[in-house]
Amino acid sequence: MKRIGVFICHCGVNIKDTVDVELLTEQLENYPGVVHIENYMFMCSDPGQNQIKAAIEENKLDGVVIAACSPTLHESTFQNVIEEMGINKYQLEIANIREQCSWVHNDKEEATRKANLIIKTALEKLRLNESLSPVSSPMTKRVMVIGGGIAGIQAALDIADGGYEVLLVEKKPSIGGHMIQLSETFPTLDCSQCILTPKMVQLAKHKNIKLYVNSEVEKVEGFVGNFTAKINRKPQYVNPDICTMCGDCIDNCPVVVPSEYDEGLSWRKAIYVPFPQAIPATFTIDTENCLGFDPIACGECRKACKPEAINYDKKPETFEEKIGAIILATGYDLYPVEKMAEYGYGKFPDVLNGLQFERILSATGPTGGKMLRPSDGKIPKEIVFIQCSGSRDPERHNSYCSKICCMYSLKHAKLYKHKVHDGQPYIFYIDIRSGGKRYEEFIQQAVSEDGVIYIRGKVAKIYKEDDKMIVHGMDTLTGKKIEIKADLVVLAQSMIPSEGVNKLIQNLKLSTDEHGFLNEAHPKLRPLESIQSGFYLTGAAQGPKDIPDSVAQASGAAAKVLALMSQQEIYHEPIIAWVDEEKCSGCGICISTCPYGARALNFDGIAEVNEVLCEGCGACISACPSSASQQRNLTDDQINNMIDIILQDNLENSLEKEDMI
Amino acid sequence: MKRFEPKIVCFLCKWCTYAGADLAGTSRLKYPANGIVIKTLCSSRIDSEHILHAFARGSDGIFIGGCHPGDCHYQTGNYKTKRRIVLLKRVLEQMGINPDRLRLEWISASEGNKFARQMTDFTEQIRALGPIPKYDRKEDISNG
């Protein structure tokens, strides 16, 4: 019989206040197999770990149960502790008496009774645990970055500089993301393009980076270190090696559509370059709007192209790439303003969202950097910025804070003032959140030097009167109704996860929060990676973030990936299926049940398990009609023993129970 | 008369519902302490035999939590569970066990609220149903 030690953590007062740890220690002292039991204030701390080590040595323990927080937090910490003492890490079980007991119950007696049962189930499972060693497989030293915004660019560059090959997959025809659309960045007011375009060029020229633009990841199979990704690339129809970028095709294209780069404030043709500094610098035909080349309905661009770079016969291509890790940098979109009828977006041309205003401010924008309003090209003299548009509004819109809007609305106001000296910007706000290096100073300066007027309150309605936008709101500090006759209104729309990511996330089986942002493995201690090993998160895909935070997270994720890439082999959890050859009848049900193709019949007609492919879901085990398939360290016997112990006192209570009804 | 406290065995998949149960904890939501959790990697690991075994040992209710359809970490495990539970409920009925004593719910890692609500609701439902009827061998024989 195993010699088991039980260690009960107080977690300060988190467990101790609701669970009677002394009573538990007493109750479990004589439980079969338990040779040592103790409780301590912080088991995960250094003294706590030393206490465990000392107890293992003194009592010659060969199995350990830690009754503490959820295994997602400290299972690996304690596994390391027992491994240091020469015990196999699979001889550790965590009894989750914090998240699933002390934190969710008020009654001390009830919680203690439940904690007792939780520890007993852990003991019953541990009793039959085998010592296992991880299954190893070779590491594919290539990385895929999904998304070519600033976060993806930074991560790709860092990894490529580290000497590993990177594939960068971008949905749009150019990398650059939303950052390339911005005019200037807070709080330093340096030009967004000036700091981003050199990075884009560096990326395009990097010998370790392979760029897939116009491409989407359709499917990813495999596991950390051994993924296979299927990438679909839409054709560009223009051969970049021949194209001279003369622009004759654009002049001859008869189709005019709103420009995505200018957020619909200017026009582009169906054959186009997204923006002058696009990487890769080539023309693309937008097949959704092109009059059609199959059969050829127009063909004007090909007729105009002297170097004959346009080929309508190009077809979409599919690539299969082997990679070891994946970085998700899928970015954000703005919350659709169409959902906010009270602000009249779409109805009034002079109500804009934040990105549209960035384009008006930008030197490369539709007005060439002149401050003109879209409806009639007049210079707006009074301008209203509305913060928290679609955020911090749990009843109707998003409940979360979009984090960057306080800063960018103020930046907008400031840049506006720099262009229109006699203009007056107003900002409607709920709270001003300026946590960040030099952010608060930026705000103070704008109020004192640029005369930005802050009004605390929400805007109820916007409507048009003559050529003015009438903004109705309430100043909640004075309790007075406010009416501003503005020339232009800018809505600070909240960030939402970028469109189309949902499908990708479902495909990759990644977890998201209730708003659709990617979930990190641990909110504080593992913010750069997903709970699914091999997947790393950066930028606004994980939550609203500004540029410095996105870049920091991207470099952090890149460092994580570099650490992973430096390993020669990747170790795979051995909690997988195995087959009792004596019992297997070779029926083959497990083969059709396995989602990974890890099952096959051998020459003797007996089912086998491919240890590298098996993920350990256990579907084949419950499907096996002869109980020949079992899961390592979660066998049928272990599950049944756990059930028995949970229901153990039923027999004792059964008489009492009859009286109760 | 003491209030009847049902015994409930909960099988939770590691990726979604177990994480959801942890979230209920970190959010300090409260629910009855009747359910004891057995963690599996996937809900598809849970064999009908385990459920029947638990009922035979006097479990008053059994709760199974898995990932939402389409979200299974193992691609299709939750669909297998769904099919199994639908069939098993019909078998339970024939065995004289109210199929409501077995509940399958999809609870994601972000649905701590839903987990707490389900635990409360299921416990109350089982409390209303009362203890699971005991199998009486003598009676079985006398009835032929």
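No lab work stands behind these numbers, since they all come straight from the coordinates. Predicted model only: the values in this text are computed from it and were never measured. Cβ: placed from backbone, ideal geometry, glycine included. Neighbour counts: every protein chain shown.
Points to keep in mind about this one:
- Per residue, the convex hull volume that the Cα atoms of the protein assembly as shown enclose (Å³): 219
- Computed over all pairs of different Cα atoms, the Kirkwood value for the hydrodynamic radius of the stretch B:25-128 is 14.4 Å.
- Amide proton proximity set for residue A:493, modelled H, under 5 Å, gap of 5+: A:354
- Cα gyration tensor shape of the stretch A:1-81, rounded if a/c is under 1.5, else prolate or oblate by comparing a/b with b/c: oblate
- Of A:85, A:179, B:119, the sequence from fewest to most neighbouring Cβ atoms within 10 angstrom is A:85, A:179, B:119.
- Unit charges on C-beta of K, R, D, E only; dipole of the protein assembly as shown, Debye: 1520
- Nonlocal amide H pairs with residue A:63, under 5 Å, H built at 1.01 Å: A:3, A:5
- Cross-link pairs B:7/B:39; A:381/A:414; A:171/A:210; B:7/B:80 - those with Cα-Cα distance over 20 Å: B:7/B:80
- Among the listed pairs A:437/A:461; A:461/A:524; A:172/B:82; A:230/A:583; A:219/A:560, those whose Cα-Cα separation exceeds 30 Å are A:437/A:461; A:461/A:524; A:172/B:82; A:230/A:583.
- Normalised contact order of the stretch A:248-304, rounded percent, pairs of Cα under 8 Å and 6 or more residues apart: 36
- In nm, spacing of pseudo-spin labels at residue A:136 and residue A:559 (7 Å Cα→C-beta vector): 2.7
- Residue A:466/residue A:256 FRET efficiency (R0 35 Å; Cβ-Cβ; nearest 0.05): 0.70
- Put the Cα centre of the stretch A:1-45 next to the Cα centre of the stretch A:315-338 and the gap is 47 Å.
- What the Cβ-Cβ distance of residue A:76 and residue A:306 gives, at R0 = 51 Å and to the nearest 0.05, is a FRET efficiency of 0.20.
- Listed by chain and number, the aspartates and glutamates whose C-alpha is less than 16 Å from the C-alpha of residue A:16, apart from same-chain residues fewer than 8 away, are A:26, A:38, A:99, A:107, A:109, A:110.
- Helix B:17-26 and the long axis of chain B differ in direction by around 70°, with both axes built from C-alpha atoms.
- Percent of C-alpha pairs per 10 Å bin, the stretch A:107-150, short to long: 18, 19, 17, 17, 23, 7
- In terms of its alpha-carbon gyration tensor, the stretch A:248-304 comes out prolate; a/c meets the 1.5 threshold, and the first ratio a/b outweighs b/c.
- Considering helices alone, the calculated mean residue ellipticity of chain B at 222 nm is -13000 deg cm²/dmol, with DSSP H runs of length four and up weighted by -39500 (n - 2.57) and normalised per residue.
- When the protein assembly as shown is described by a simple charge dipole with +1 on each Lys and Arg Cβ and -1 on each Asp and Glu Cβ, the residue from B:12, A:63, A:607 located farthest towards its positive end is B:12.
- Taking Cβ atoms as reference points and 11 Å as the exclusive limit, the residues near residue A:59 contribute a net charge of -2, counting Lys and Arg as +1 and Asp and Glu as -1.
- Debye, to nearest 20: dipole size of chain B, +1 on Lys, Arg Cβ, -1 on Asp, Glu Cβ: 140
- Proximal charge balance of residue A:605 [Cβ under 14 Å; K/R count +1, D/E count -1]: -2
- Calculated FRET value between residue B:52 and residue A:589, using beta carbons and R₀ = 22 Å, to 0.05: 0.70
- This model, with +1 at the C-beta of Lys and Arg and -1 at the C-beta of Asp and Glu, gives the stretch A:328-454 a dipole about its Cα centre of some 280 debye.
- Mean residue ellipticity, 222 nm, helices only, chain A: the sum of -39500 (n - 2.57) across DSSP H runs of n ≥ 4, divided by residue count and rounded to 500, is -8500 deg cm²/dmol.
- Scanning residues 5 or more positions from residue A:255 or on other chains, those with amide H under 5 Å from its amide H are A:270, with H placed 1.01 Å from N in the peptide plane.
- Kyte-Doolittle mean at least 0.5 and Cα axial length at least 24 Å: DSSP H helices in chain A: A:547-565
- Stretch gain in nm, segment residue A:526-residue A:296, where the contour uses 0.36 nm per residue and the Cα spacing is subtracted: 77.4 nm
- Residue exposure sequence - B:8, A:575, A:496 - by fewest surrounding Cβ within 10 Å: A:575, A:496, B:8
- Between residue A:637 and residue A:106, the modelled labels are 4.5 nm apart [label points 7 Å from Cα along Cα→Cβ].
- Distance distribution P(r), the stretch A:355-468, all Cα-Cα pairs, bin width 10 angstrom from 0: 12, 42, 36, 10, 0 percent.
- Sorted by Cβ neighbour density within 10 Å, fewest at the top, the residues A:430, A:15: A:430, A:15
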